[in-house]
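Below: one structure, written as C-alpha cells.
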Amino acid sequence: FSNTFNNEYALDDGIVILKNEYVQKGISGIRKIMSTDSYDSFYKQMNAKEQLSGGRWRPLSVVTFAIEQSLFGKKNSAPNTLDVNLAYIRHLMNVLFYILSVIVLLYFLQKFLLKNFGLAAFTVSLLFLVHPLHTEVVANIKSRDEIFSFLFIVLTFIKVFKYTKSDKY
C-alpha cells in the first residue's frame with residue numbers, strides 16, 4: 001500500500017476532511033465532531049438537508065483527521081487548500097492503522113481460532129493483508145472508519161473469547 005502515500009485526496013475525502021470546518025479547526029473542532037453528523041459541515045455549505053435518515057455519525061476517524069490537522073496541517077491557510085504533505089501523512093496513517101489491524105487479526109487467530117496452526121494463522125493474515133479487495137479502504141483516507149471498524153470488531157472478539165475462557169462465564 002506504499003503506492004498510496006503520494007496520492008492526493010479522493011471523492012469523499014473532500015467532504016469529510018477538506019470541506020469539514022470542524023476538521024479544519026483541528027482539536028478545537030472535536031466537540032462539534034462528537035455531536036454532529038459526519039457530513040454536517042458539508043450540508044451547511046451546500047444549504048442541504050441530511051441525505052440519510054439518521055445521519056452518519058462516525059466520530060473516531062473524523063477526530064483523528066482533526067488531530068492530524070492540528071499537528072501537521074498548514075497554519076493560517078485558506079479553507080479547502082490542498083495540503084499535499086498532510087495527504088501523505090493521512091495515507092501513511094491509514095496504512096499503519098491497517099497494518100495494526102492485521103497484527104491484531106494475527107494475534108486473534110493464533111490465540112483463539114487457529115491455536116495449533118500458527119502457519120495457517122499467519123497465512124490467513126498475510127492473505128488478508130495483501131488481498132486487493134482492501135485497496136480502496138486503505139487508499140481512500142475517509143475509509144479509515146472502515147479500518148477502525150474491523151480493528152474494533154477483532155478486538156471485541158478477542159475480549160469475548162477471553163471472557164468465555166475465564167471462570168466468570
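The values are calculated or read from the model by the stated rules, or taken from the named source; none is laboratory data. Everything quoted here is computed from the prediction, not taken from an experiment. FYI the Cβ positions are ideal-geometry reconstructions off the backbone, even for glycines, and counts take in every protein chain you see. These accessible areas exclude ligands, DNA and RNA; they are computed on the full protein's heavy atoms, side chains included. Shrake-Rupley method; radii C 1.70, N 1.55, O 1.52, S 1.80 Å.
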- Against the longest principal axis of the chain, how steep is helix 84-108, in degrees 0 to 90 to the nearest 10, with axes from Cα atoms? 20 degrees
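Between T164 and K111, 0.36 nm times their residue separation minus their Cα-Cα distance comes to what?
Details: separation 53, 0.36 × 53 = 19.08 nm, distance 1.34 nm.
The span from T164 to K111 would gain 17.7 nm if fully extended.
What is the projected area of the convex hull of the Cα atoms of the chain, averaged over all directions, in nm²?
Details: hull surface 48.8 nm².
The orientation-averaged projected area of the Cα hull of the chain comes to 12.2 nm².
Relative contact order, percent, of the chain when contacts are C-alpha pairs under 8 Å separated by at least 6 residues?
Numbers: 185 pairs, mean separation 45.7, N = 169.
In percent, rounded to a whole number, it is 27.
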- Message: Quick check: at a probe of 1.4 Å, how many percent of the accessible area of the chain sits on carbon and sulfur atoms?
- Response: 62 percent
- Return one whole number: the accessible area per residue of the range 79-169 in Å², for a 1.4 Å probe. 61 Å²
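Charges only on Cβ, +1 for Lys and Arg, -1 for Asp and Glu: so what's the dipole of the chain about the Cα centre, in debye to the nearest 20?
Working: 19 positive and 13 negative charges, 121 e Å.
In total the dipole reaches around 580 debye.
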- Working with all protein chains in place, sort L60, L92, L86, L133 by solvent-accessible area computed with a 1.4 Å probe, largest first. L133, L60, L92, L86
- For every other residue with a beta carbon closer than 13 angstrom to the beta carbon of K111, add +1 if it is Lys or Arg and -1 if Asp or Glu, then tell me the sum. +4
- Farthest towards the positive end of the dipole of the chain, among F72, G26, L106 and with Cβ unit charges of +1 on Lys and Arg and -1 on Asp and Glu, lies the Cα of L106
- Query: If you find the alpha carbon centre of the range 1-48 and of the range 122-144, how far apart are they in angstrom?
  - Reply: 22 Å
- Query: By how many degrees, 0 to 90 and rounded to 10, does the Cα axis of helix 144-165 deviate from the longest principal axis of the chain?
  - Reply: 30 degrees
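By the gyration tensor of its Cα atoms, with a ≥ b ≥ c the square roots of the eigenvalues, what is the shape of the range 116-165: rounded for a/c under 1.5, prolate for a/b over b/c, or oblate?
Note, shape of the range 116-165 comes out oblate.
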- Message: Using 0.36 nm times the number of residues separating I67 and M46, minus their current alpha carbon distance, what extension gain do you get?
- Response: 5.1 nm
- Query: For the Cα atoms of the chain, what angle does the longest principal axis make with the long axis of helix 59-72, in degrees from 0 to 90, nearest 10?
  - Reply: 60 degrees
- So how much slack lies between I99 and N85, counting 0.36 nm per residue of separation and subtracting their Cα-Cα distance, in nm? 2.9 nm
